[in-house]
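Everything on this sheet refers to the single structure shown next.
Readers should treat all values here as calculations from the given coordinates under stated rules, not as data from a laboratory. Computed from a predicted structure; not experimentally measured. We place every Cβ from the backbone using ideal geometry, glycine too, and count neighbours over all the protein chains shown.
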C-alpha cells in the first residue's frame, strides 16, 4: 500500500456506511426476501411505466384519440401512484441491499441521470405545457409541445428500464480491469485506493 | 400514416424495452465457466477466510493468501449458489471468518484476483466441493457428482468388456 493520501467521495463513504449495516447484508443474503423485492420492483415498474405510456400515447395522438386527456389521466392516476410508491420503495431497498457496487455501477449512474431528466421533463410539462390544457384536452392530436413532452417521457423511461436491467451485469464492475473512461465514470478510484 | 402503422411504430419500442426488462431477472456475474474463468490458469490459495458474501447467483469466499515475497493478496473465490451449497450441507457459518483454508480453483480470464473455487480443504484434511456442477469447468475430479458419473461409465465399460469376453468364449 502506497502512502499517497486517499480521500473517498461522499457517495462512496455513504455507500460504505450503508454496507456496514447488518440489515443491508441480511437483505442481500436473504434467500427469499431479496428476490421478492427484486421481482416486485420489476412488476411495479411495469405498472407505473405502463400507465404512463398510455397517457403518453394519448398525448402523442396515437391512442384513445376520442377520450379527453384529463379523463384518461384521472382514471389511470391512482394506479400509477400505487405503482410509483412501491417501485420507489423497492428500488431504494435494492440499493440498500447492495450499496457499494450499485453506487459504482456505470449503469446505475446513467439510470440516475435519466431519472433526473424524466423528472425535469415532467416538471417542465406541468409548469409550462399543461397550462392551457383546456384548449387541447379533447383534441385527437394535442399541440407539438405536448407531443414532445410525451415522446421524451416514453424515451426516457424506456432508457431507465434498459439501464436498470443492465445493472445486473458485471462487465464494468470496478473489481475487474477497466479502461480509464469506465474507471472515471464508475468512480473506481474511490473504491480501489492506490 | 394510418392508425395501424402508428400503433406498430409506437408499441415496438415498448415491447422491446419490456422484453429486455423481463428477459429473466438475472443477477450479476451469472455465467458459464468459460465466459469468466481460464481452465489453463489453475491456482491454489491458502490462508484465512476474511469475508464471505452469501449471495445469489454465487457465494464468494475472500481468502487472504500470503505470497512468496511475504506480501498478502486477498483472492475472491467464487462458489456455487447459496442454495446449491445448502443442499450439500454447507451453510453461511460452516466456515467461520478467520478459518484457515486451501482452495483449488481457476483464475479469471481478466487476470484480476478472482477465481472459480473448486475444492476447499480445511486444516483437518476435510474437503468440500464448493463449485457448481455442469458449468463447463475442467473435469478435475473436484465435483463428486462428476466422479460418481465417471465411475458409472467405468462400470458400464467393464460390464461391456465382460459381455464381449463371454461372447468370445
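Exposure proxy check: B:91, B:62, A:41 ranked by fewest other beta carbons within 10 Å?
So the ranking, lowest neighbour count to highest, is B:91, B:62, A:41.
Note the per residue figure in Å³ for the convex hull of the C-alpha positions in chain A.
Considering the Cα atoms of chain A, their hull volume per residue is 142 Å³.
Based on the Cα gyration tensor of the protein assembly as shown, what are the three equivalent ellipsoid semi-axes, each the root of five times an eigenvalue, rounded to whole Å and given largest first?
Whole-Å semi-axes of the equivalent ellipsoid: 50, 28, 17.
Please give the calculated 222 nm ellipticity per residue for the protein assembly as shown, where each DSSP H segment of at least 4 residues contributes -39500 (n - 2.57) and the sum is spread over every residue; nearest 500 deg cm²/dmol? Write down the numbers at each step before the final one.
Working: 14 runs with 194 residues, N = 363.
Rounded to the nearest 500, the figure is -17000 deg cm²/dmol.
When a footprinting reagent is the concern and you count Cβ atoms within 10 Å, what order do B:151, A:175 take, fewest first?
B:151, A:175
When Cβ neighbours within 10 Å are restricted to other protein chains, what is their mean count per residue of peptide A:153-163?
Average neighbour count from other chains, rounded to a whole number: 3.
Residue A:9 to residue B:164: FRET efficiency via 1/(1 + (r/R0)^6), r the Cβ-Cβ distance, R0 56 Å, to the nearest 0.05?
0.20
For the Cα atoms of chain A, what angle does the longest principal axis make with the long axis of helix A:106-127, in degrees from 0 to 90, nearest 10?
The angle comes out near 30 degrees.
What whole-number distance in Å separates the alpha-carbon centres of region B:52-66 and region A:12-50?
20
Among A:146, B:123, which comes first, second and so on when ranked by fewest other beta-carbon atoms within 10 Å? Don't skip to the answer; put the middle values down first.
Working: A:146 23, B:123 9.
Ranking A:146, B:123 by Cβ neighbours within 10 Å, fewest first, gives B:123, A:146.
At 7 Å along Cα-to-Cβ for each site, give me the label-to-label distance between residue B:72 and residue A:185 in nm.
Taking the two extended label points, one gets 3.6 nm.
Within 10 Å of each Cβ of B:104-116, how many other protein chain Cβ atoms are there on average?
Whole-number average of other-chain Cβ neighbours for B:104-116 is 1.
Based on the Cβ-Cβ distance of residue B:51 and residue B:112, what FRET efficiency does E = 1/(1 + (r/R0)^6) give at R0 = 22 Å, to the nearest 0.05?
Working: r = 16 Å, r/R0 = 0.73.
The computed FRET efficiency comes out at 0.85.
Taking 0.36 nm per intervening residue step and subtracting the Cα-Cα distance, what contour gain separates residue A:128 from residue A:16 on full extension? Mind dumping the intermediate values first?
Details: separation 112, 0.36 × 112 = 40.32 nm, distance 4.08 nm.
Gain on extension, residue A:128 to residue A:16, equals 36.2 nm.
Gap in Å between the Cα centre of region B:116-169 and the Cα centre of region A:83-149?
55
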